[in-house]
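Undergrad: Mind looking over this structure? Questions follow.
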Amino acid sequence: MTQRVVIVGASVGGATAAITLRGLGIETVLIERELTRAKPCGGAVPPAAFREFDLPTTLIDRKVTHCLVVSPSGQETHIDVAGSVPSTDDYVAMVRREVFDAFLRSRAQQRGAELIHAQLTGLRVERHGVTVTYRRVGDGGEQSITADAVIGADGAYSPTAKFLGLPNLPRAIALQERIALPDRQMARWEHTADLYLGHDVSPDLYAWAFPKRDHIAVGVGAGPGHTAQARTLLANLKARLGPALDGGRVLLREAHALPMEPRKHMAFDRAMLIGDAAGLVVHTSGEGIYWAMKSGQIAAQVLAQHLDAPSAAHLRAYEKLWWNEYGSMYAFLRWLQKWGYGNERQMEVFTEMCRNRDVQRLTFDSYMHKQMAPAPWLAQLRMTWDIIRAEARNYLRPRTPLRELHACVAAGD
Ligand SMILES: Cc1cc2nc3c(=O)[nH]c(=O)nc-3n(C[C@H](O)[C@H](O)[C@H](O)COP(=O)(O)OP(=O)(O)OC[C@H]3O[C@@H](n4cnc5c(N)ncnc54)[C@H](O)[C@@H]3O)c2cc1C
C-alpha cells in the first residue's frame with residue numbers, strides 16, 4: 001500500500017517538509033486553512049536559506065548590507081553585514097511572506113503534494129495509522145483522511161500539539177505595521193535594517209524597522225508578561241522613529257505569537273512537530289523562518305527512513321540530529337538574549353559590543369551561514385576586554401534613556 005504523510009500547515013516549515021517528502025517519493029497531503037492572508041512576519045531571511053533550499057533570489061525584496069542598532073539612550077552602532085570570510089553572500093534578505101510562502105507552496109504542489117484548503121478539526125493517532133479530520137474552507141464540509149504519520153507545522157498555537165495532549169508553550173507577541181513611505185524617506189532604508197532596544201519599545205526582545213520593496217515593516221516583540229503592552233510599545237517605537245516616518249501611510253497592522261521555548265520532545269508515535277509548533281525560534285533575534293524550513297527538512301528525512309515503523313523511539317532520531325547540530329547555537333543565543341536584553345544598562349553594553357569586529361563576525365557567521373565556530377583565543381581576549389570596559393562605563397555612569405530625556409525637554413527642564 002502507498003505510504004502517506006499528512007502535514008498540517010503549509011507555511012515555510014510545512015511546505016519544506018512536503019518538498020522533502022515528495023523528493024523521497026512519499027505521498028504527501030498538506031492541510032492549510034489560510035491561503036490568502038500572509039503570516040505576520042518581519043521577513044528577514046539568512047542567505048543560507050537560499051543556498052540550502054535552492055531558492056531563487058528573485059524572492060528577495062531587498063538585500064540588507066548595513067544594520068543600525070540603537071540603544072535605550074540613543075547610542076547608535078552602525079554595522080556592515082560581513083562574516084569572517086567576506087563574500088557576495090554577505091547580506092540579510094528581506095522577503096514578503098505572501099511571496100515567499102506562495103513560492104514554497106507552489107513548489108510543493110509542482111513536486112506532487114496535494115494541498116487541501118481546510119482547517120484541522122481532529123486528530124487520532126492509533127496503532128495502525130493516524131486519522132486527520134478537517135473542515136474545508138468554502139463549503140464547510142467535514143472530511144477525514146488516513147495516513148501513516150502526521151507532521152504538525154501549524155505554528156505557535158499548534159492545534160496538532162493540542163490534539164497530541166501537549167501543553168501550550170510560553171509565547172511572546174510580535175506586532176508590526178507595514179508603512180508605505182514617500183521615495184525620499186524610503187531612501188534612508190535602501191539597504192539598511194534598524195534594531196531598537198529599550199523598555200519603552202521592547203522590554204525583553206527588540207523592535208525593528210525592516211525595508212521591503214515598497215514599504216518598511218516597523219514592529220516590536222513583547223515577551224510573556226508584556227504582551228498586553230504591545231500597542232503602547234509600537235506607538236513608542238514610532239515616536240522614536242519620529243520624522244523618518246513623515247508622510248507614511250499604514251498599509252497593514254498585523255500581530256502573531258512567537259514561541260519562547262523549544263518543546264521537550266518534537267517526535268511521538270506517528271507524529272512530529274516542526275518550526276514554531278516545536279518552539280524552534282531563536283531567542284536573540286526571534287528568527288524562525290530558516291529554523292522552520294530546516295526542521296521540516298530534517299523531520300521529513302527521518303520520517304521517510306522510518307515510515308514502516310514510525311514509533312516515537314525511531315522518530316526521536318530527528319530530535320537527536322537537531323540538538324547535536326544546533327543545541328549549542330540555541331543555548332548561546334538564549335544566553336545572549338538574557339545577557340544583552342536583561343535590563344537597559346545591559347542593552348547599552350550590548351549596543352556598544354556590536355561595535356566589536358569579532359562580535360560582528362561571530363554574529364553574522366552564525367546568522368548568515370548557520371555556523372558557530374569557536375572564536376580564536378585572541379579574539380576572545382579582545383571581546384572580554386571590551387565587555388569589561390563597556391560594563392564599567394555603563395554601570396559606573398548609567399546613561400539616561402531617551403524617554404527620560406524627552407520628558408525633561410517636554411517639562412522645560
Ligand atoms: C511579527 C513577527 C515578525 C517576525 N519576523 C521574523 C523575521 O524577520 N525573520 C524570521 O526568520 N522569523 C520571523 N518571525 C518568526 C517566523 O514568522 C516564524 O518563526 C515562522 O513563520 C515559523 O514557520 P512555521 O512554518 O513553523 O509556522 P507558521 O509560519 O506560523 O505557519 C503555520 C501555518 O499553519 C496554519 N495553521 C494553523 N492552524 C491550522 C489549522 N487548524 N488547520 C490548518 N492550518 C493551520 C497557519 O495558517 C499557517 O499557515 C516573526 C514572527 C512574527 C509574529
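Undergrad: Sort through Val12, Val29, Val6, Val45 and tell me the only one that's aliphatic (A, V, I, L, M) and surrounded by fewer than 22 Cβ atoms within 10 Å (Cβ to Cβ).
TA: Exactly one of Val12, Val29, Val6, Val45 is aliphatic (A, V, I, L, M) and surrounded by fewer than 22 Cβ atoms within 10 Å (Cβ to Cβ), namely Val29.
Residue by residue, here is whether (1) open to solvent by less than 20 Å² (accessible area, probe 1.4 Å); (2) under 30 Å from Thr2 (Cβ atoms); (3) within 23 Å of the chain's Cα centre (by Cα) holds:
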{"position": "Val81", "(1), (2), (3)": "yes, no, yes"}
{"position": "Val85", "(1), (2), (3)": "no, no, no"}
{"position": "Ala93", "(1), (2), (3)": "yes, no, yes"}
{"position": "Arg127", "(1), (2), (3)": "no, yes, no"}
{"position": "Gly138", "(1), (2), (3)": "no, yes, no"}
{"position": "Leu166", "(1), (2), (3)": "no, yes, yes"}
{"position": "Glu177", "(1), (2), (3)": "yes, no, yes"}
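Undergrad: Here are the criteria: (1) open to solvent by 10 Å² or more (accessible area, probe 1.4 Å); (2) under 23 Å from Arg22 (Cβ atoms); (3) more than 20 Å from the chain's Cα centre (by Cα); (4) touching a residue at least 24 places away in the same chain (Cβ under 8 Å). Tell me which single one Ser106 does not satisfy.
TA: (4) is the only condition that Ser106 fails.
Undergrad: Out of all the residues in segment 285-295, is one or more open to solvent by less than 10 Å² (accessible area, probe 1.4 Å), part of a helix (DSSP H, G or I) and more than 14 Å from the ligand (Cβ to nearest atom)?
TA: Looking for residues that are open to solvent by less than 10 Å² (accessible area, probe 1.4 Å), part of a helix (DSSP H, G or I) and more than 14 Å from the ligand (Cβ to nearest atom), one finds none in segment 285-295, hence no.
Undergrad: Mind telling me which of the residues Pro182, Pro243 ends up being open to solvent by 10 Å² or more (accessible area, probe 1.4 Å), over 30 Å from Lys162 (Cα atoms) and without any contact (Cβ under 8 Å) to a residue 12 or more places away in the chain?
TA: Pro243
Undergrad: Could you grab me the full set of residues in segment 326-348 that are under 17 Å from Arg263 (Cβ atoms) and open to solvent by 50 Å² or more (accessible area, probe 1.4 Å)?
TA: Within segment 326-348, Ala331, Arg334 qualify.
Undergrad: Inside segment 349-382, can you point out the residues that are among the hydrophobic types (A, V, I, L, M, F, W, C), buried (at least 16 other Cβ atoms within 10 Å of the Cβ) and part of a helix (DSSP H, G or I)?
TA: Within segment 349-382, Val349, Phe350, Met353, Val359, Leu362, Phe364, Met368, Ala379 meet the criteria.
Yes/no per residue for (1) of a type in the set (Gly, Ala, Ser); (2) in contact with a Ser or Thr (Cβ under 6 Å, 6 or more places away or on another chain); (3) at pLDDT 90 or above:
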residue	(1), (2), (3)
Leu378	no, no, yes
Met383	no, no, yes
Ile388	no, no, yes
Glu404	no, no, no
Ala410	yes, no, no
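Undergrad: Let me ask something additional. Can you name the number of the only condition in (1) over 21 Å from the mean Cα position of the chain (by Cα); (2) buried (at least 18 other Cβ atoms within 10 Å of the Cβ); (3) within 16 Å of the ligand (Cβ to nearest atom) that Gly248 fails?
TA: Unmet condition: (3).
Undergrad: Can you list the strands (runs of 3 or more DSSP E) lying wholly within segment 20-87 that have 1 or more residues being farther than 22 Å from Ala300 by Cβ?
TA: Of the strands (runs of 3 or more DSSP E) lying wholly inside segment 20-87, those with at least 1 residues that are farther than 22 Å from Ala300 by Cβ span 62-64, 66-70, 76-80.
Undergrad: Look through Val250, Val282 and report the one residue that is of a type in the set (Val, Ile, Thr), under 30 Å from Trp189 (Cα atoms) and touching a strand residue (DSSP E or B) at 6+ places or on another chain (Cβ under 8 Å).
TA: Criteria check complete, one pass: Val250.
Undergrad: Hey, can you tell me all the residues within segment 212-228 that are more than 12 Å from the ligand (Cβ to nearest atom) and surrounded by 22 or more Cβ atoms within 10 Å (Cβ to Cβ)?
TA: Answer for segment 212-228, where residues must be more than 12 Å from the ligand (Cβ to nearest atom) and surrounded by 22 or more Cβ atoms within 10 Å (Cβ to Cβ): His215, Ile216.
The values are calculated or read from the model by the stated rules, or taken from the named source; none is laboratory data. None of these values were measured; they are calculated from a predicted model. Glycine gets a Cβ as well: all are built from the backbone with ideal geometry, and neighbour counts include every protein chain shown. Accessible surface is based on the protein model in full, side chains and every heavy atom, while ligands, DNA and RNA are left aside. Shrake-Rupley method; radii C 1.70, N 1.55, O 1.52, S 1.80 Å.
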